1. Please report the net charge: other residues with Cβ closer than 10 Å to the Cβ of ALA357, K and R +1, D and E -1.
2. Between HIS2, PRO166, SER110, whose Cα lies farthest towards the positive end of the dipole of the chain when Lys and Arg beta carbons carry +1 and Asp and Glu beta carbons carry -1, centred on the Cα centre?
3. Suppose every K and R has +1 on its Cβ and every D and E has -1 on its Cβ; what is the size of the dipole of the chain about the Cα centre, in Debye to the nearest 20?
4. Among DSSP beta bridges whose residues both lie in the chain, state the antiparallel percentage, nearest 5.
5. Tell me which residues come under 5 Å, amide H to amide H, from THR245 once H is placed; ignore anything under 5 positions away on its chain.
6. Residue by residue through the stretch 366-371, what is 3J(HN,Hα) from phi via Karplus (6.51 cos²θ - 1.76 cosθ + 1.60, θ = phi - 60°)? Round to whole Hz and write x for glycine and proline.
7. With runs of 4+ DSSP H residues as the only contributors, calculate the mean residue ellipticity of the chain at 222 nm using -39,500 (n - 2.57) per run, divided by the residue total and rounded to the nearest 500.
8. What is the set of long-range amide H partners of GLU197 at a cut-off below 5 Å, with H atoms built 1.01 Å from backbone N?
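The values are calculated or read from the model by the stated rules, or taken from the named source; none is laboratory data. Just so we're clear, the structure is a prediction, and the values are computed from it rather than from any experiment. Using ideal geometry, Cβ is built from the backbone for each residue, glycine included, and neighbour counts are taken over all protein chains shown. Accessible surface is based on the protein model in full, side chains and every heavy atom, while ligands, DNA and RNA are left aside. Shrake-Rupley method; radii C 1.70, N 1.55, O 1.52, S 1.80 Å.
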Amino acid sequence: PHLAALVLARGGSKGIPLKNIKLLAGVPLIGWVLRAAIDAGVFHSIWVSTDHDEIEKVAKQFGAQVHRRSPEVSQDSSTSLEAITEFLNHHPEVDIVGNIQATSPCLHPSDLIKVADLIQKEGFDSVFSVVRRHQFRWSEVKKGENKMTEPQNLNPAKRYRRQDWPGELYENGSFYFAKRHLIEKGYLQGGKMAYYEMRAEHSVDIDTDIDWPIAEQRVLSFGYFGKEPLKEVKLLVCSFDGCLTNGRIYVTEDCQKMVSYDYRDIVGIDLLKKRGIQVRLISDRDCSKTLSAMQLGCVAKVNVTNKLQVLKDWQEDMGLSWKEVAYLGNEESDVECLKQAGMSGVPADACAAAQKAAGYICKSRGGCGAVQEFAEHIFLLLEKVNSARKQ
């Protein structure tokens, strides 16, 4: 049976404009679930249903196919079932739909693999995700009603300790898998049903976690970053022009050239060095005098015509794997380096090709704190590495 992953991502969002492609920990929100779906390796096709050009662009960037949904199922009042039904009407080859929510960035491929087995090998018609919660519920008393609230799932005289109570299962909205015949009857859940219990730390829903910085911390701690495990970064190579500087060259009346940089980036470089991470700089032009004046204490290579070759030489000389190399670039000459490095980033104003190749897009522009921001991102991921080692 043809199992298709389908992510619904319309352009309208009342809470957060274009939420589905807003950057979360340097990755468009929808990119987190598409990465998990692709790496799961269980889907015959992976689709994003959208009505928006920018969402379509990002979806294709992450390797998904795009179904352009009609205006009729793109309204605020439109339901997921209506959008899924329209998709099936255009794709008769699809037998099973795995509807994955774009707002669940901590989804892991291992979850999707197990769910695919439930519906393909164990014969379930529908499978949906749940999370276990330990919350006591009480009846609601509406304003003006003269009555007391009542306990719903506890005895107040003998309250459970958390460790003595298994809790209850709640839908977390991460995904809903269903066979075509159910959806055509108007169901997403029905027939022979099963739930799939996700780990609580993986159950993050941006519909409720509207505090974006908190959601980012959750994703950095529990999100899925790719098939290969993260490793300790030992080398950061930074493109000088457009990353450490804003890419502009100022010319005085007496023909002297000047560039500007942000002191926060110098602090970021110093912090990296203190953590034992080497920082090296690379540039297409001859900026040796500028680098000398800045006194950064970093190895630098200027007048470079092939940045990737220089990066490979440094990586081999230091005896590093690519997973131990980070790269911060901003222009087309950086694209191959960004693709090769284990951790890659670009400033907010990097060219489109560099943004597409990078794993992290900074909020800061080049020469305005992007190096420091990327350094902080590296530190957060290293905490994840160290935490995994302890476990």
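1. Local net charge: -1.
2. Sorting the options by dipole projection puts first PRO166.
3. Roughly 1080 debye for the chain.
4. About 30 percent, rounded to the nearest 5.
5. GLY367
6. 3J(HN,Hα) across the stretch 366-371, in whole Hz: x, x, 10, x, 5, 5.
7. -9500 deg cm²/dmol
8. VAL130
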